[in-house]
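Okay, so here's the structure we're looking at.
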Amino acid sequence: MQTVSHPSREGSRSTNRLTILREAVSLPAVRRLLAALALSGLAACAAPGGDRSAVEAGIARFDAANPHETLTVRRPDGHGIRVREFGAAHRGRQPTVVMMHGFPDNQHLYDRVVPLLGSDRHVLTFDFLGWGDSDTPPGQDYPVSSQRIDLQAVVDRLVTGPVVLVVHDLSGQAGIDWALDNPGRVARLVLLNTYYLPMPTLRAPDAIEFYASTGVVRDLAAWAASKSESRFRSGVSGQLSAFLVDPQIRDEFVPRLTRSAGTMRPAFFSSTSHLWHEVRARDAQRARIAAFGRPVAVVFGVEDPFLNPGVARAFAALFPGATLSLVEGAGHYVQLDAPQAVAQAVR
């Protein structure tokens, strides 16, 4: 049988292949890839990595000035969550302050807020499973439900009354979910540069957007990042440095927040892979948010192009009676750039 070619069809196929190729190498895609490579350390420039001994010395100074107990709380599955408990003697006398970190960081994010809350407050900070000094079990997945388990384990073990729940970035979804399910236990909900459900101005940094996608290139970049702890730490340091406004605070805290960069890689890649699915899933919670009758404070640093003032205003519109504070001169890490503003909202 004679094969008949169809030039117009072949030309159409060629055109389609060229279109796909152009889309694959479009400027936004290239920008996200470069950001991801920087985060993985393959293209990272010098960033505050910090001398290990200097980092530990800084933590020791904080510990000496702010006495507390460091303990491990076990989840129902046996995995350990590292917790710092300040003011244990005051447990139950007034609402416990529970402050949760985002990603890619750890509980030291609140080291500038804790001293401002007073020695008569019961305060808890903790590292989520897979982050900081908490356990990093092999093969563990890290959807929002995992962070919810962490929070519940900490509350069950160490809280005997209502809570002031402080969330930032990644922890917004677990914290808000918990608050909606336990409104009677919430004295106040404090939202710091966080996200929850789809909002018009919500954006993700290019590297986060890249790792939240699927495909061979994304998997290859994640594999490369898994091969070098120092490169990944350098990449994360560069990302965090861009989020902080004050150079002095940046130099002190970026090394503190990245001290466990090597062990947090599985949690980082797992959490980002769930990002947009988790966001879309919570669109169904709008009615429950509108019915939430507890005090809510929205405190956002304005110098955050991703979790930006538009997101803050959207939160304030969602929660009835919420107060809104847009903090000038502060960025994504408002608790580091402007700890007084956060402490005021918590108190």
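Some observations on this one:
- Annotation note: of 254, 279, 311, the sole residue that is crowded, with 17+ Cβ neighbours inside 10 Å, part of a helix (DSSP H, G or I) and at pLDDT below 95 is 254.
- Matching residues in region 112-160 - criterion: being among the hydrophobic types (A, V, I, L, M, F, W, C) and within 15 Å of the chain's Cα centre (by Cα): 126, 128, 129, 131, 144, 151
- Residue check for residue 120: buried (at least 24 other Cβ atoms within 10 Å of the Cβ) and more than 26 Å from residue 316 (Cβ to Cβ): no
- Criterion violated by residue 179 - all others in (1) in a helix (DSSP H, G or I); (2) in contact with a strand residue (DSSP E or B) (Cβ under 6 Å, 6 or more places away or on another chain); (3) open to solvent by 10 Å² or more (accessible area, probe 1.4 Å) satisfied: (3)
- Which numbered condition residue 135 misses (of (1) over 11 Å from residue 75 (Cα atoms); (2) in contact (Cβ under 8 Å) with a residue 40 or more places away in the chain; (3) open to solvent by 10 Å² or more (accessible area, probe 1.4 Å)): (1)
- Within region 145-157, residues that are without any contact (Cβ under 8 Å) to a residue 24 or more places away in the chain reach partners that are surrounded by fewer than 21 Cβ atoms within 10 Å (Cβ to Cβ) with beta carbons closer than 8 Å, at six or more positions or on different chains, in the pairs 146/140.
- Every test in (1) buried (at least 16 other Cβ atoms within 10 Å of the Cβ); (2) closer than 21 Å to residue 253 by Cα; (3) modelled with pLDDT of 95 or more is passed by residue 115 save one, and that test is (1).
- Note on region 152-166: residues that are under 14 Å from residue 123 (Cα atoms) and either part of a strand (DSSP E or B) or not β-branched (Val, Ile, Thr) (or both) amount to 8.
- Residue in region 192-209 that is in a strand (DSSP E or B), among the aliphatic types (A, V, I, L, M), in contact (Cβ under 8 Å) with a residue 24 or more places away in the chain and open to solvent by less than 20 Å² (accessible area, probe 1.4 Å) present: yes
- Hey, residue 335 assigned to a helix (DSSP H, G or I), crowded, with 20+ Cβ neighbours inside 10 Å and modelled with pLDDT of 95 or more or not: yes
The values are calculated or read from the model by the stated rules, or taken from the named source; none is laboratory data. Predicted model, so just to flag it, every value in this text is computed and none were measured. Counting neighbours? That spans all protein chains shown, and the Cβs are built from the backbone with ideal geometry, glycine included. Heavy atoms of the whole protein, side chains included, go into the accessibility calculation; ligands, DNA and RNA do not. Shrake-Rupley method; radii C 1.70, N 1.55, O 1.52, S 1.80 Å.
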